[in-house]
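First the structure, in the form of C-alpha cells, and then the observations on it.
The values are calculated or read from the model by the stated rules, or taken from the named source; none is laboratory data. The shown structure was predicted, so the numbers you read here are calculated from the model rather than taken from an experiment. As a convention, Cβ positions derive from the backbone with ideal geometry for all residues, glycine included, and neighbour counts pool all protein chains shown.
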Amino acid sequence: MDLAGSRTRCVGAQPSDMLPRITCVSTSVPNIGNREGGKSSFCRPETASAKTLMDIGTRGIFSEEHDLFRQNVRRFFQEEVVPYHTEWEKAGQVSRELWQKAGEQGLLGVNISEKHGGIGGDLLSSSVMWEEQMYSNCSGPGFSLHSDIVMPYISNYGSKAQIENFIPRMAAGKCIGAIAMTEPGAGSDLQGVRTYAKRDGSDWILNGNKVFITNGWMSDLVIVVTVTNRDAKTVAHGISLFLVEEGMKGFSKGKKLEKIGLKAQDTAELFFEDVRLPAEALLGEVDKGFYYLMNELPQERLLIADMAIASCEFMFEETRNYVCERKAFGKTVSHLQTVQHKLAELKTEICIGRVFLDNCLQLHAEKRLDSSTASMAKYWATELQNKVATQCLQLHGGWGYMWEFPIAKAFVDSRVQPIYGGTNEIMKELIARSIVGKN
C-alpha cells in the first residue's frame, strides 16, 4: 500500500546531508512493502566511502522509497522528539501526545500487514525507525518494542477479535504496548518464570509480579508471560501468554524505576494480584507461549543489534565533529596521530559491523535469519557499541563526562544493550549450541 497515502512527505535532502534540510510537499510514496517494485534506480555508494556514516542514500538493502521514508522519520525525530527529550528525561517518560503524533504520521506498526490494521510496510521500513531513533540520540520513545516486539505477537498469534481490537489502536498510538517476561528471580532464563495463572471455570486467575518492563508505566496493554501448567515436564512446556489491560482489577504498577541510562524511557514493576482474565485474554494456545517467544526473539535481538550499530555510527560522527573543532596544543585534536588512528580503528570496526547487520536485516526480510545468527548479531553489535561508547567518550576528555554532551547520554544508554533481550552470556550459549550441540 501507499505507506503515507496523502500525508505530508519530506523530500529534497541530498544523500550526503547528515541532518538534511527538508522541503515538505504532499506526495504519494510507492509501496515500501514491495521490495521488487521499489528497487533503487541509482548506484548507491558504499557506506564506508560516504560523507558520514548516517547519510541517506547509501546501503544497497534500501530502496528510494525507504530513503523517502527515512527523511520523514528523521524529520519527525528532529522536530517532535529532540526538542523535548531533556524534559522527558526529568519526567522519566515521554508524553502520550508523542505516541499519538507518531501514529498520525504512520510511524507505529510499520511492519504490520494492512489486513491486520497496520501500515503495510516491511522489515526494512521498521529498521529505518530503529536506526533514526539512535541517530537522534533520543532513547525515550519505546516505539520499537511496541511496534516490532509486542504488535507481532498479537498479529501472529492473536484471534481475529484480538487483532481487530488492539492492532488499529496500537498503530494509532492510542494503546501503548509492553511485554512482561522478566521477574525478580527470572531474567534471561525464561524457565524460571513463577507468575502463575490458574483456571477458574472458563476464566483464569493471574498472580505474580514482573520487573524492568519497558513501556510498563505508560502501558495500556501488557503481554504477560505466565506459567499455566505446573505439572508439565519442563516449565517451557507449561507457559502461556495473556493480554492484560490497564484498569483490570488486581493489576497495578509500581514506581517508575530510576536507571543510570534510558532516562526518558519509562520502566516499571508490574503486579498481578488475583487478576481475573476472561478466556479471550489468552494469546494463542494454552501452554504454547514458550514456543511463541522462541519464534519472536530473533527479531527482538536483531532490533537491538541494528540499534547498537546505529548508535555506533552516531557516536562516531559526534566524536569526529568534536575532535575536528576542539583545540589543544595550538591545533585541533584531530591533528594528533593517536586520535587519527583511533578514529580509523573505530570506523573500520563500525563499517564491518554494518555490513554484517545489513546482511542479517536482508536475511530476516526474506524470513531466512536463524536464531544463532541473530544471537551473533546481538552479541557482537552490543559489545562493539560499548567499546565505541567508551573510546568516543575518552576522545571527548572531561567534557564527555558532562551530561549535556550527547556522548555522555549515548555512553550510559549503551550499557544496558548487552543485558536486555537476553544477556550476551546467553547469546554465547546459543551460538555455541549451534556449533557443538547441546550437552
Considering only region 319-338, state which residues are over 11 Å from H396 (Cβ atoms) and of a type in the set (A, V, I, L, M, F, W, C). C324, A328, F329, L336
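Going by the conditions given, is L190 within 19 Å of the chain's Cα centre (by Cα) and not acidic (D, E)?
Details: within 19 Å of the chain's Cα centre (by Cα): no; not acidic (D, E): yes.
No, not satisfied.
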Residue by residue through region 205-233, note down the ones that are outside any loop (DSSP other than H, G, I, E, B) and farther than 23 Å from I176 by Cβ. I205, N207, V227
Scanning region 338-354 residue by residue, the ones that are touching a residue at least 60 places away in the same chain (Cβ under 8 Å) and either of a type in the set (V, I, T) or at positive phi (or both) total 1
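Quick grid of which residues meet (1) without any contact (Cβ under 8 Å) to a residue 24 or more places away in the chain; (2) closer than 23 Å to G192 by Cβ; (3) not charged (D, E, K, R):
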{"residue": "W380", "(1), (2), (3)": "no, no, yes"}
{"residue": "E404", "(1), (2), (3)": "yes, no, no"}
{"residue": "R415", "(1), (2), (3)": "no, no, no"}
{"residue": "G421", "(1), (2), (3)": "no, yes, yes"}
{"residue": "G437", "(1), (2), (3)": "yes, no, yes"}
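Out of the residues in region 227-244 that are of a type outside the set (V, I, T), farther than 20 Å from A281 by Cβ and over 29 Å from the mean Cα position of the chain (by Cα), state the one that is surrounded by the fewest Cβ atoms within 10 Å (Cβ to Cβ).
Of region 227-244, the ones of a type outside the set (V, I, T) are 229-233, 236-238, 240-243.
With farther than 20 Å from A281 by Cβ added as a condition, the list becomes 231-233, 236-237.
Add one more test, that the residue is over 29 Å from the mean Cα position of the chain (by Cα), and what stays is 231-233.
Details: D231: 6, A232: 14, K233: 8.
This residue is D231.
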If you scan region 168-194, which residues turn out to be surrounded by fewer than 23 Cβ atoms within 10 Å (Cβ to Cβ), among the β-branched types (V, I, T) and either part of a helix (DSSP H, G or I) or touching a residue at least 60 places away in the same chain (Cβ under 8 Å) (or both)? none
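Okay, residues lined up against (1) of a type in the set (F, W, Y); (2) surrounded by 20 or more Cβ atoms within 10 Å (Cβ to Cβ); (3) touching a Pro at 6+ places or on another chain (Cβ under 7 Å):
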| residue | (1), (2), (3) |
| --- | --- |
| T267 | no, yes, no |
| D274 | no, no, no |
| Y291 | yes, no, no |
| N295 | no, no, no |
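Let's see how each residue does on (1) touching a Ser or Thr at 6+ places or on another chain (Cβ under 6 Å); (2) in contact (Cβ under 8 Å) with a residue 24 or more places away in the chain:
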site	(1), (2)
D220	no, yes
T228	yes, yes
T234	no, yes
G247	no, no
L257	yes, yes
L262	yes, yes
Does any residue of region 148-161 turn out to be assigned by TED's automatic domain parsing to the domain that holds V224 and without any contact (Cβ under 8 Å) to a residue 24 or more places away in the chain? no
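Select from region 288-342 the residues that are outside any helix (DSSP H, G or I) and aliphatic (A, V, I, L, M) and list them in ascending order. Walk me through it before giving the result.
Taking region 288-342 and keeping what is outside any helix (DSSP H, G or I), we get 288, 326-332, 336.
Scanning region 288-342 gives A328, L336.
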If you check L124, L107, which single one turns out to be more than 22 Å from Y291 (Cβ to Cβ) and in a loop (DSSP other than H, G, I, E, B)? L107
Identify all residues within region 112-133 that are over 12 Å from M170 (Cβ atoms), touching a residue at least 40 places away in the same chain (Cβ under 8 Å), out of contact with any Gly (no Cβ under 6 Å at 6 or more places or on another chain) and not hydroxyl-bearing (S, T, Y); write none if there are none. L123, L124, V128, M129, W130, E131, E132, Q133
Does region 362-378 contain any residue that is under 26 Å from K90 (Cβ atoms), out of contact with any strand residue (DSSP E or B) (no Cβ under 7 Å at 6 or more places or on another chain) and either modelled with pLDDT of 95 or more or assigned by TED's automatic domain parsing to the domain that holds L303 (or both)? no
Subset of region 353-392, residues over 16 Å from the mean Cα position of the chain (by Cα) and among the aromatic types (F, W, Y), comes to F356, W380
Given region 357-439, what helices (runs of 4 or more DSSP H) lie entirely inside it while holding 2 or more residues that are surrounded by 23 or more Cβ atoms within 10 Å (Cβ to Cβ)? 371-396, 406-414
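Conditions tested, residue by residue: (1) of a type in the set (A, V, I, L, M); (2) on the phi > 0 side of the Ramachandran plot; (3) assigned by TED's automatic domain parsing to the domain that holds F166.
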| position | (1), (2), (3) |
| --- | --- |
| R44 | no, no, no |
| I61 | yes, no, yes |
| R75 | no, no, yes |
| H85 | no, no, yes |
| G92 | no, yes, yes |
| W99 | no, no, yes |
Residues that are buried (at least 16 other Cβ atoms within 10 Å of the Cβ), at pLDDT 95 or above and under 21 Å from the mean Cα position of the chain (by Cα): does region 331-352 have at least one? yes
By residue number, the members of region 127-143 that are in a loop (DSSP other than H, G, I, E, B) and either closer than 21 Å to Y153 by Cα or in the same structural domain as D358 (by TED's automatic domain parsing) (or both) are P141, G142
